[in-house]
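Asks: Quick one: the structure is below, and I'll ask about it shortly.
Any read-out appearing in this document is the output of simple, stated calculations on the displayed coordinates, not a laboratory observation. Only a predicted model underlies this, so the values are computations on that prediction, with no experimental measurement involved. Cβ coordinates were reconstructed from backbone atoms using ideal geometry, including for glycine residues, and neighbour counts include every protein chain displayed.
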Amino acid sequence: MEKGDNNMRIIVAPDSFKGSLTAAEAAAGIELGVKRVFPQAETISIPLADGGEGTVSALVSATGGHIISKEVTGPLGERVRAQFGILGDGKTAVVEMASASGLPLVPPEKRNPLLTTTYGTGELIRAALNEGCRRIIIGIGGSATNDGGAGMAQALGIKLTDSNGKDISFGARGLSRLAHIDVSTLDTRFTEVEVLVACDVDNPLIGPKGAAAVYGPQKGADPQMIKDLDLILQRFAVIIHRDLRMDIMDIPGAGAAGGLGAGLLAFLKAKLVPGVQLILEAGNMEDILRKGANLVITGEGAINRQTVYGKTPIGVAKLAQKYDIPVIAIVGSMEPGAEIVYSQGIDAVMPITPGPISLAEAMERAEELMPAAAERAMRLLMVGLSLSQPTKQT
């Protein structure tokens, strides 16, 4: 193919670049860079997510749905404005727990997972029920909480009481006083609702890979608090086993979002599903790839050895592999161990940084750096296409 070949078809399917670009903004920047080199190429934009930030916008955009704004209880008990989406079918809702109970809602100096609650996430789920939705997808990345989903359960009518029969207070500190669970008071509409949890991690509830040990530090937990939180969640699991006859201790993903994964499994009989899988299916990604493409461009903020564990670029790459379509990942940074992605269907990685600049500067300039990086990738592609052509004889 030559520059400007109008037969070229390129799929642009990035995740968000957290803190700097939404998935839609990243896709727009990539398309701009592609068009600088291949102006007549057909580009198809499919903004994606993996269950964390951007899940609502990605699914709503992919299905032609709409977004609803709601005032709910924030992580520290304050009132915050949060959003959830209704998909194009009018029957499926998508909720991002980070919108109501996310870490960015808590200033660094106030972060304390003993106090933060998922109550607002429960209020968003209830609001989705009130819209008539009978299928709810919940993205649980980016939490500020470690309450095992206790607050969420209380918002939906479940009684969590202490040894005196009084409702426990918010946060893991309140959960430490839990003595009894009564799910008979759960909103009865859940008997007719399917709950899917978009989860991109497989952490168990407790232990060295559990909710407190792995994610507690970023939420403000010191080493002693991590030990306390782990014990609180362990006791929580014992009470769930006693009162609900369910063993959630070692289920992969139960430790996601400070144990919200476990709470959703226990209280709402939810099903944990890889987040990127849900998004790809909602966006009909496979149908689009099946029709053929010359290239897929994906991306995310940082690519590293953890990317292979359910992150968006790998989900995209594995799907593209089925149809022998090459994949380029454009990323904010390429960290040690990122080379592992080459064995998972990603053929090349292009960082957006043009040289040694700070993370803060890269994030601030991401809007201009993205199309420039896409242009560099396309110019390299053009060289490769030229090499594939027979050498002209003089």
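Asks: If each residue of separation counts as 0.36 nm, what is the full-extension length gain between residue 323 and residue 388 once their alpha-carbon separation is subtracted?
Replies: Answer, rounded to one decimal: 21.3 nm.
Asks: May I ask for the Rg/Rh ratio of segment 284-394, computed from Cα atoms with Rh as the Kirkwood radius, given to two decimals?
Replies: When Rh is taken as the Kirkwood radius, the ratio is 1.02.
Asks: While we're looking at this one, here's another question. What residues qualify as long-range amide H neighbours of residue 272, i.e. H under 5 Å apart, gap of 5 or more or another chain, H built at 1.01 Å from N?
Replies: Result for residue 272 returns 197.
Asks: In whole Å, largest first, what are the principal axis extents of the Cα atoms in the chain?
Replies: Principal-axis extents of the chain (Cα, largest first): 94, 44, 34 Å.
Asks: Here's something else I'd like to know. With +1 on each Lys and Arg Cβ and -1 on each Asp and Glu Cβ, how big is the dipole of the chain about its Cα centre, in debye rounded to the nearest 20?
Replies: Result for the chain is approximately 320 debye, rounded to the nearest 20.
Asks: Right, something else. Put +1 on the Cβ of each Lys and Arg and -1 on the Cβ of each Asp and Glu in segment 55-276; which of 163, 105, 73 then has its Cα farthest toward the positive end of the dipole?
Replies: 163
Asks: Here is a further query. If you take the square roots of the eigenvalues of the alpha-carbon gyration tensor of segment 323-385 and sort them as a ≥ b ≥ c, do you get rounded (a/c under 1.5), prolate (a/b over b/c) or oblate?
Replies: It comes out oblate by the Cα gyration axes.
Asks: Could you check the spin-label model distance between residue 348 and residue 231? Points 7 Å from the Cα along Cα→Cβ, value in nm.
Replies: It works out to 5.6 nm between the two label points.
Asks: Calculate log10 I(q)/I(0) of segment 213-298 for q = 0.10, 0.22 Å⁻¹, where I(q) comes from the Debye formula with a single equal point scatterer on each Cα and nothing for solvent.
Replies: -0.42, -1.04
Asks: At q = 0.12, 0.13, 0.16 Å⁻¹, what log₁₀ I(q)/I(0) does segment 55-276 have when each alpha carbon counts as one equal point scatterer in the Debye sum?
Replies: -0.55, -0.65, -1.01
Asks: Just from its helices, what would the mean residue ellipticity at 222 nm be for the chain, if runs of 4 or more DSSP H residues each count -39500 (n - 2.57) and the sum is divided by every residue, rounded to the nearest 500 deg cm²/dmol?
Replies: Using -39500 (n - 2.57) per qualifying helix, the result is -11000 deg cm²/dmol.
Asks: Which longest run of the chain has no exposed loop site in it, a site being chymotrypsin sites (Phe, Trp or Tyr not before Pro) in a DSSP loop with at most 16 other beta carbons within 10 Å, and the site itself not part of the run?
Replies: Formally, the longest exposed-site-free interval is 1-308.
Asks: Amide H neighbours of residue 106 under 5 Å, at least 5 residues apart or on other chains, H built in the peptide plane: list them.
Replies: For residue 106, no residues qualify.
Asks: Here is a further query. Please work out how much length the chain gains when fully extended from residue 286 to residue 78, using 0.36 nm per residue of separation minus the C-alpha to C-alpha distance, in nm with one decimal.
Replies: Using 0.36 nm per residue and subtracting the Cα-Cα distance, I get 70.7 nm.
Asks: Report ³J(HN,Hα) in whole Hz for each residue of segment 187-194, in order, from the Karplus equation J = 6.51 cos²θ - 1.76 cosθ + 1.60 where θ = phi - 60°; Gly and Pro get x.
Replies: 3, 5, 5, 5, 5, 10, 10, 9
Asks: Turning to a different aspect of this structure: From the Cα gyration tensor of segment 18-87, with a ≥ b ≥ c the square roots of its eigenvalues, which class applies: rounded if a/c is under 1.5, or else prolate if a/b is larger than b/c, or else oblate?
Replies: Prolate, because a/c is 1.5 or more and a/b exceeds b/c.
Asks: First measure r as the distance between the Cβ atoms of residue 159 and residue 69, then evaluate 1/(1 + (r/R0)^6) with R0 = 30 Å and state the FRET efficiency to the nearest 0.05.
Replies: Efficiency, from the Cβ-Cβ distance: 0.55.
Asks: If you don't mind, there's one more thing I want to ask. Provide the packing ranking of 102-115, 351-364, i.e. peptides ordered by the mean count of other C-beta atoms within 10 Å per residue, highest first.
Replies: Highest to lowest by the protection proxy: 102-115, 351-364.
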